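Enquirer: Handing you this structure, nothing more for now.
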Ligand SMILES: NC(=O)c1ccc[n+]([C@@H]2O[C@H](COP(=O)([O-])OP(=O)(O)OC[C@H]3O[C@@H](n4cnc5c(N)ncnc54)[C@H](O)[C@@H]3O)[C@@H](O)[C@H]2O)c1
């Protein structure tokens with residue numbers, strides 16, 4: 001996947017399948033010879049990260065519990081001349097995580113870049129309606145899988161003398177919206193996990209960073225906005241537009257590349273200035289279920 005001109009393939013089709021203008025920012029070659037393991041890469045931001053990393057020269061394991069989605073992302077990368085392999089796994093299950101890593105290593109070689117992107121956003125309802133099963137499920141995917149994958153890749157990364165881990169947080173970790181308590185708790189955990197692992201893994205030659213997006217017009221956020229009756233959420237950012245998966249993906253490529261060789265323990269906010277904006281978030285409406293209402297009523 002080399003050549004001149006704009007990256008017409010990987011960045012022209014967004015993670016949700018929608019065609020958008022290809023980015024003018026060409027990072028081809030930035031990850032030549034590396035192997036990336038990108039979780040939740042079947043759709044949304046993860047698919048954009050997988051495509052961006054492939055365009056930058058990495059071989060990419062597209063990991064997702066949705067087999068059709070993983071296959072489609074991997075196929076689109078291959079069609080553009082990149083190296084990619086779909087890996088189907090429910091990452092909330094320990095045995096499937098282990099198998100997913102084994103498959104990726106056998107098909108593509110040792111993992112140099114781990115991107116923990118898969119997340120369970122949960123159903124929007126008041127925390128008083130969140131049962132223990134839902135809480136456990138969200139923690140298992142968002143926090144436990146992230147931590148355990150970091151632990152699983154570290155020995156081989158350390159042996160090779162280098163490795164990069166990128167964890168997807170969210171600005172909600174410090175700017176929580178109502179009805180997302182379990183999800184927000186995991187994102188706060190990811191920020192702390194990232195900083196703690198940077199301390200432990202730095203001496204092993206492994207950089208660990210987090211990317212913290214604001215609302216991005218892809219995947220589940222698109223659905224939540226449509227549900228809220230305000231699909232155009234551009235107003236709360238300072239840059240007058242909503243973020244795209246590619247806005248997040250290009251930062252991930254930077255963090256994974258040698259250009260960021262002295263960056264570890266960072267939490268890079270990619271929100272168009274949303275965290276500084278005083279305008280109300282379209283998803284903060286309080287007409288959502290109250291404690292005495294049913295969760296989806
Ligand atoms: N979209 C946003 O506005 C936004 C904002 C802030 C942070 N983020 C973060 O960015 C990341 C991607 O968000 P998104 O909106 O693209 O998500 P999404 O829901 O659109 O896609 C998540 C992908 O992960 C996969 N997945 C979920 N649980 C899994 C599991 N247990 N095992 C394997 N695969 C699983 C899904 O099948 C899906 O393909 C998440 O970590 C999210 O918290 C997103």
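The values are calculated or read from the model by the stated rules, or taken from the named source; none is laboratory data. Quick caveat, the model's predicted, so the values are computed rather than measured. FYI the Cβ positions are ideal-geometry reconstructions off the backbone, even for glycines, and counts take in every protein chain you see.
Enquirer: Can we say residue 3 is at pLDDT 95 or above, assigned to a loop (DSSP other than H, G, I, E, B) and surrounded by fewer than 21 Cβ atoms within 10 Å (Cβ to Cβ)?
Expert: Values: at pLDDT 95 or above: no; assigned to a loop (DSSP other than H, G, I, E, B): yes; surrounded by fewer than 21 Cβ atoms within 10 Å (Cβ to Cβ): yes.
No, not satisfied.
Enquirer: Next question, about the same structure. Within the range 28-47, work out how many residues are within 12 Å of the ligand (Cβ to nearest atom) and at positive phi.
Expert: Adding up the residues that qualify gives 2.
Enquirer: Could you tell me whether residue 152 is buried (at least 23 other Cβ atoms within 10 Å of the Cβ) and in contact with a helix residue (DSSP H, G or I) (Cβ under 7 Å, 6 or more places away or on another chain)?
Expert: On the way: buried (at least 23 other Cβ atoms within 10 Å of the Cβ): no; in contact with a helix residue (DSSP H, G or I) (Cβ under 7 Å, 6 or more places away or on another chain): yes.
When the stated conditions are applied, residue 152 does not pass them.
Enquirer: Related question: Right, residue 199: within 12 Å of the ligand (Cβ to nearest atom), under 14 Å from residue 266 (Cβ atoms) and touching a residue at least 60 places away in the same chain (Cβ under 8 Å) or not?
Expert: Against the criterion (within 12 Å of the ligand (Cβ to nearest atom), under 14 Å from residue 266 (Cβ atoms) and touching a residue at least 60 places away in the same chain (Cβ under 8 Å)), residue 199 does not qualify.
Enquirer: Can you pull out the residues in the range 112-123 that are under 16 Å from residue 41 (Cα atoms) and surrounded by fewer than 24 Cβ atoms within 10 Å (Cβ to Cβ)? Can you show your working first?
Expert: First, pick out the residues of the range 112-123 that are under 16 Å from residue 41 (Cα atoms): 113-121.
Once the filter is applied, which keeps residues that are under 16 Å from residue 41 (Cα atoms) and surrounded by fewer than 24 Cβ atoms within 10 Å (Cβ to Cβ), the range 112-123 yields 120, 121.
Enquirer: Out of the range 137-179, which residues are touching a strand residue (DSSP E or B) at 6+ places or on another chain (Cβ under 8 Å), within 14 Å of the ligand (Cβ to nearest atom) and either over 30 Å from residue 272 (Cα atoms) or not in a strand (DSSP E or B) (or both)?
Expert: Scanning the range 137-179 gives 145, 146, 149, 169, 170, 171, 173.
Enquirer: So how many residues does the range 48-81 have that are in contact with a strand residue (DSSP E or B) (Cβ under 6 Å, 6 or more places away or on another chain) and within 11 Å of the ligand (Cβ to nearest atom)? Break it down stepwise before answering.
Expert: Taking the range 48-81 first, the residues in contact with a strand residue (DSSP E or B) (Cβ under 6 Å, 6 or more places away or on another chain) are 49-50, 53-54, 58-63, 67, 70-71, 73-74, 77-78.
Applying the additional criterion that residues be within 11 Å of the ligand (Cβ to nearest atom) yields 49-50, 62-63, 67, 70, 73.
So the answer is 7.
Enquirer: While we're here: Here are the criteria: (1) without any contact (Cβ under 8 Å) to a residue 24 or more places away in the chain; (2) not in a helix (DSSP H, G or I). Tell me which single one residue 102 does not satisfy.
Expert: (2)
Enquirer: Among the numbered criteria (1) in a helix (DSSP H, G or I); (2) surrounded by 21 or more Cβ atoms within 10 Å (Cβ to Cβ), which one does residue 208 miss?
Expert: It fails just one condition, (1).
Enquirer: Then there's this: Looking at 62, 38, which one is under 22 Å from residue 257 (Cβ atoms), touching a residue at least 60 places away in the same chain (Cβ under 8 Å), in contact with a helix residue (DSSP H, G or I) (Cβ under 8 Å, 6 or more places away or on another chain) and in a strand (DSSP E or B)? Give the derivation first.
Expert: Working: 62 fails: touching a residue at least 60 places away in the same chain (Cβ under 8 Å).
Testing whether each residue is under 22 Å from residue 257 (Cβ atoms), touching a residue at least 60 places away in the same chain (Cβ under 8 Å), in contact with a helix residue (DSSP H, G or I) (Cβ under 8 Å, 6 or more places away or on another chain) and in a strand (DSSP E or B) leaves just 38.
Enquirer: Applying the selection to the range 111-125, what residues are part of a loop (DSSP other than H, G, I, E, B), more than 13 Å from the ligand (Cβ to nearest atom) and modelled with pLDDT of 95 or more?
Expert: The answer is 111, 112.
Enquirer: Please tell me if residue 153 is more than 19 Å from residue 115 (Cβ to Cβ) and in contact (Cβ under 8 Å) with a residue 40 or more places away in the chain. Reasoning before the result, please.
Expert: Working: more than 19 Å from residue 115 (Cβ to Cβ): no; in contact (Cβ under 8 Å) with a residue 40 or more places away in the chain: yes.
Answer is no for this residue.
Enquirer: Moving to a separate point now. Of all residues in the range 240-270, which are over 14 Å from the mean Cα position of the chain (by Cα) and modelled with pLDDT of 95 or more? First the steps, then the outcome.
Expert: The initial filter retains those residues of the range 240-270 that are over 14 Å from the mean Cα position of the chain (by Cα), namely 240-242, 254, 257-266.
Hits for the range 240-270 are 254, 257, 258, 259, 260, 261, 262, 263, 264, 265, 266.
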